[in-house]
Amino acid sequence: MKSNPKNKWVGFQEKVLNQLSETFGDNFNIVIWTDKNNETDYYCIPYAVIKYLFTAEHKTTGKYPDRWTAIILDHQFLMHSNSQLAVDVSSYYAKPFHLETYDGEILDEVKSKTEGGRTVVISIKLERDQSLRKEAIKYHGLTCKVCSFNFKEVYGKWGEKFIEVHHIKPLGALTTTETMTNPKTDLTVVCANCHRMIHSKKGITLTVEELKKKLNTK
């Protein structure tokens, strides 16, 4: 869905909310970034304020039945399945919170910070297609394209079939409209360390070749 300053779409995975509720009850905040290019354009909303909207009948249907979709329209948090379910979240706009790091790419739909303030950061929804991940691995293999690390070679069966898929053009740089992704040319595979290094500096996304040049081979 297209996002603009007045219409913010976000997705919430059921398993993530369940895990957080089991750990913290209702005592955590959800931070929703509505414009990645504007660090002050976000909402820090106590989960308890919107908890009652997350019921089975308000889930999405079809391809993603295990999640909820909502929008923030004119500071109103609206459950997409029922536009009458609205919560005024204007008082939570740009509310201060603590976050140690913020990567240039959305590596997961939900990031959690469990120390201290128990803040959960949910970035604007940029859906990942799991079939693309499978195709990327099928084409690029399971060995890191930067450092040649292979999880199976090091961890045996425990590391079998494990690798991270990297978007050569960060998802955060794309619009929220659907974008065609070619798993051969737009994706590659890297180990967790190299993936982290690619995005370790805010505002800078290294290419595979750039990170290769930084490897200390001594």
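The values are calculated or read from the model by the stated rules, or taken from the named source; none is laboratory data. Computed from a predicted model, the values in this text were never measured in an experiment. Here the Cβ positions follow ideal geometry from the backbone for every residue, glycine too, while neighbour counts run over all protein chains shown.
For region 129-152, the candidate set comprises residues that are of a type in the set (K, R) and over 16 Å from M197 (Cα atoms); within that set, the residue that is modelled with the lowest pLDDT is R133.
Yes/no per residue for (1) within 18 Å of G141 (Cβ to Cβ); (2) among the aromatic types (F, W, Y); (3) at pLDDT 85 or above:
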site: F162; (1), (2), (3): yes, yes, yes
site: K169; (1), (2), (3): no, no, no
site: E178; (1), (2), (3): no, no, no
site: L187; (1), (2), (3): yes, no, yes
site: N193; (1), (2), (3): yes, no, yes
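Within the group I72, I45, which residue is modelled with pLDDT of 85 or more, closer than 30 Å to I204 by Cα and in contact with a strand residue (DSSP E or B) (Cβ under 8 Å, 6 or more places away or on another chain)?
I45
Taking the numbered list (1) at pLDDT 50 or above; (2) assigned by TED's automatic domain parsing to the domain that holds I30 in turn, V110 passes all entries but (1).
Filtered by the rule that a residue be of a type in the set (G, A, S) and at pLDDT below 85, region 48-69 gives a lone residue, G62.
The criterion of being loosely packed, with under 13 Cβ neighbours inside 10 Å, outside the structural domain of I204 (by TED's automatic domain parsing) and at pLDDT 70 or above does not hold for A86.
Scanning region 195-218 for residues that are closer than 25 Å to T34 by Cβ and either at pLDDT 90 or above or among the charged types (D, E, K, R) (or both) yields K201, K202.
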